[in-house]
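Student: Dumping the structure here so I can ask a few things about it.
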Amino acid sequence: MNNPKVVMLGLGYIGLPTAAIIASKKLQVLGVDVQARVVDTINAGGVHIIEPDLDGLVKSVVSNGWLRAALKPEPADVFIVAVPTPFGEEKRPDISYVEAATRSVLPLLRPGNLFIIESTSPVGTTRKMAKIIFEARPELRESLRVAYCPERVLPGKVIYELEHNDRVIGGIDAASTQAATDFYSIFVRGGLHPTHDKTAEMCKLTENSFRDTNIAFANELSLICDKAGINVWELIELANKHPRVKILQPGTGVGGHCIAVDPWFIVSDFPAEAQLIRRARLINDFKPLWVVEKVKNAALAFALEHGRKPLVALLGLAFKPNIDDLRESPAVQVALGLMGGPEADYLVVEPNVEQWKHGALTPLDEATRRADMLVFLVAHRPFERLEQHAHELDFCGARKNR
Ligand SMILES: NC(=O)c1ccc[n+]([C@@H]2O[C@H](COP(=O)([O-])OP(=O)(O)OC[C@H]3O[C@@H](n4cnc5c(N)ncnc54)[C@H](O)[C@@H]3O)[C@@H](O)[C@H]2O)c1
């Protein structure tokens, strides 16, 4: 396939940077999104998401004519799906966006086309989409290539990692795997690892479940150590002196839109088998509730000692250190679980965001000057100099980067 024309379906955190990188290799890319605001912003050379270096890249490929955006797809050689896959009722994966994107290109597909899904998807999604396509367009059964290729980029480093990370590529047949591998070789410098579609789908879910399970181990240790009167941070540091032990750091819980979500895609489809993965999710989901109770108890103890309720500073709201993303954040859950309660008054500090829809934010200096208690919910860099106070409160959250 020489100079393939590409259609990217979904122009969010994954789709837009990927479309821009492909366009930067001087391939014609049409980005499609259902939101007119997104399409208009990109066609004006702007971006609607915050990601280092993305704005300059998009501006350049749009002004050079390699990338444009539209509300509807057009005929092309390669179609890539990068739309959301949230979970719905009872934590069941919702692949309706993937299906809608697939159906939107049904009339446009031609023999020799390559159809790729990048959205994080439950095992079997690629085959389900292939079935939808071939039922509607049976004449394409021998000539359409269909593959799955998951995305592993880290927000904040997306532009670098899109090119340099290894990719796992699984087609529904050998010809599809080969066609997709050839396509990714145009813009990926990392290794390209061919496999089957179901293995590629499971690989993405496995990576995030591995992280979640390991964090759950650290979080469970933190509960045990609290009860046993052991400093969990010291314990983990010592245990990690073993040459084959590498325990992660406990924290307030697990958040974000990937690690806290993707393991449910396995649990939902394999409820009898996925015992450990399910338990890890429950342990990590329980941690913010536990932190809430610990803070309330500490506040009550303060009140007993001082005859008044304390002013408590909650430090951090983001789902991990040094970012501004509050989605699915356990620190937000803790703050909401505490604020308005009778045990204490609260100041909330989040240096990485300007505003918070649930309440006022207080500058760090003011909060540390006024507060009776500090609760470290997220290990943001500006909180590091306060570490000497952390020994009193280290059950409450993360002191170190995970
Ligand atoms: N953001 C990440 O760091 C990350 C990392 C790895 C994998 N993923 C996965 O990648 C996929 C996309 O995630 P994201 O963060 O880019 O989502 P996002 O919400 O930022 O963007 C998705 C875009 O798709 C658009 N869209 C929805 N339905 C559409 C349709 N039928 N046709 C065209 N556009 C449509 C939405 O309007 C939105 O702009 C998800 O499956 C996610 O789990 C995300």
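Every number in this text was worked out from the coordinates using simple rules, so none of it is lab data. Everything numeric in this text was worked out from a predicted model, so none of it was measured. Cβ: placed from backbone, ideal geometry, glycine included. Neighbour counts: every protein chain shown.
Student: Let me know the volume per residue of the alpha-carbon convex hull for the stretch 6-190, in Å³.
Tutor: 111 Å³
Student: As a test, work out the antiparallel percent of DSSP beta bridges whose residues both lie in the stretch 6-190, rounded to the nearest 5.
Tutor: So the antiparallel bridges amount to about 15 percent of the total.
Student: Taking only Cα atoms of the chain, what ratio of Rg to Rh do you get with Rh as the Kirkwood inverse-distance radius?
Tutor: 1.03
Student: Follow-up question, since we're still on this one. Listed highest first by mean packing, meaning other Cβ atoms within 10 Å per residue, what order do 349-358, 254-263, 305-314 come in?
Tutor: On the way: 349-358: 14.3, 254-263: 23.1, 305-314: 16.5.
Ranked from most to least packed, the peptides come out as 254-263, 305-314, 349-358.
Student: Expressed in nm to one decimal, what extension gain is obtained for the pair N214 and V34 from 0.36 nm per residue of sequence separation less their Cα-Cα distance?
Tutor: 61.1 nm
Student: Post the alpha-carbon centroid distance, the stretch 85-111 to the stretch 1-75, in whole angstrom.
Tutor: One Cα centre to the other: 20 Å.
Student: Next question, about the same structure. Counting other beta carbons within 10 Å of each residue's own, what order do S121, S24 fall into, fewest first?
Tutor: Neighbour counts put them in this order, fewest first: S24, S121.
Student: Helix-only estimate, please: 222 nm mean residue ellipticity of the chain, summing -39500 (n - 2.57) across DSSP H runs of length 4 or more and dividing by its residues, to the nearest 500.
Tutor: Result for the chain: -12500 deg cm²/dmol, rounded to the nearest 500.
Student: Filter the cross-link list K128/K198; K5/K128; K5/K131; K25/K59 down to pairs whose alpha-carbon distance in this structure exceeds 22 Å.
Tutor: Listed pairs above 22 Å: K5/K128; K5/K131.
Student: Still on this structure, I have one more. How much length, in nm to one decimal, is gained on full extension between E142 and D365, taken as 0.36 nm per residue of separation minus their Cα-Cα distance?
Tutor: Contour length minus the Cα-Cα distance gives 73.7 nm.
Student: Treat each spin label as a single point 7 Å out from the Cα along the C-beta direction, and report the K227 to L71 distance in nm.
Tutor: 5.8 nm
Student: What does a probe at R381 reach in the stretch 128-172, counting residues whose amide N is under 15 Å from the point 7 Å along Cα→Cβ?
Tutor: From the stretch 128-172, the list is 156-157.
Student: Same structure, new question: Antiparallel DSSP bridges in the chain: what percent, to the nearest 5?
Tutor: Bridges in the chain are about 10 percent antiparallel.
Student: Given points 7 Å out from each Cα along the Cα-Cβ axis, report the F286 to L311 separation in nanometres with one decimal.
Tutor: 3.6 nm
Student: Shifting gears a bit: Pull out the extension gain between E89 and A272, defined as 0.36 nm times the separation in residues minus the alpha carbon to alpha carbon distance; nm, one decimal.
Tutor: That works out to 64.0 nm of additional length.
Student: Compute the semi-axes of the equivalent ellipsoid of the stretch 206-396, taking the square root of 5 times each eigenvalue of the Cα gyration tensor, and list them largest first in whole Å.
Tutor: 29, 19, 16
Student: Under a crude label model (7 Å from the Cα following the beta-carbon direction), how far is A303 from H193 in nanometres?
Tutor: 5.3 nm
Student: For D345, D77, what ranking results if the residue with the fewest other Cβ atoms within 10 Å of its Cβ goes first?
Tutor: Exposure proxy ranking, most exposed first: D345, D77.
Student: Something else about it: What lysines sit close enough to K320 to cross-link, taking a C-alpha to C-alpha distance under 28 Å and skipping anything fewer than 8 places away on the same chain?
Tutor: K91, K157, K204, K227, K241, K246, K287, K294, K296, K357, K400
Student: With an 8 Å cut-off on Cα pairs and a minimum separation of 6 or more residues, tell me the relative contact order of the stretch 6-190 in percent.
Tutor: Averaging sequence separation for qualifying contacts and normalising by length gives 20 percent for the stretch 6-190.
Student: Please report F383, F87 as a ranked list, fewest other C-beta atoms within 10 angstrom at the top and most at the bottom.
Tutor: On the way: F383 24, F87 16.
In order of increasing Cβ crowding within 10 Å: F87, F383.
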